[in-house]
1. Assuming 0.36 nm per residue, please report the length gained on full extension of the stretch Tyr74 to Val60 beyond their Cα-Cα distance.
2. In the range 16-58, what percent of the accessible surface is made up of carbon and sulfur (1.4 Å probe, ligands and nucleic acids excluded)?
Amino acid sequence: MNKFVVKFRESRNGQKGFTLIELLVVIAIIAVLAAIAIPQYAKYRRSAFNAAALSDLKNVQMIAEAYYADKQVYP
């Protein structure tokens, strides 16, 4: 085996845990996933806001038409 690998294994003395490199790799993966997910979340939020606004406009139109049907004049 490589001298470095042997020395590394001996220096751990049976300790268990993650190395700094492993932790950095996991943090990098999480950062990449967040960079993909955050813009998508903003897009879905904007789309939901627009759908709610259109629904409100249709409701206003329906109320105005009902008022016209009763009074023969728009409000």
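1. Working: separation 14, 0.36 × 14 = 5.04 nm, distance 1.19 nm.
Once the chain is fully extended between Tyr74 and Val60, it gains 3.8 nm.
2. On the way: 3030 of 4030 Å².
Exposed carbon and sulfur together represent 75 percent of the surface.
The values are calculated or read from the model by the stated rules, or taken from the named source; none is laboratory data. Just so you know, these numbers come straight off a predicted model, no measurement behind them. Areas reflect the complete protein model, heavy atoms only, side chains present, ligands, DNA and RNA absent. Shrake-Rupley method; radii C 1.70, N 1.55, O 1.52, S 1.80 Å.
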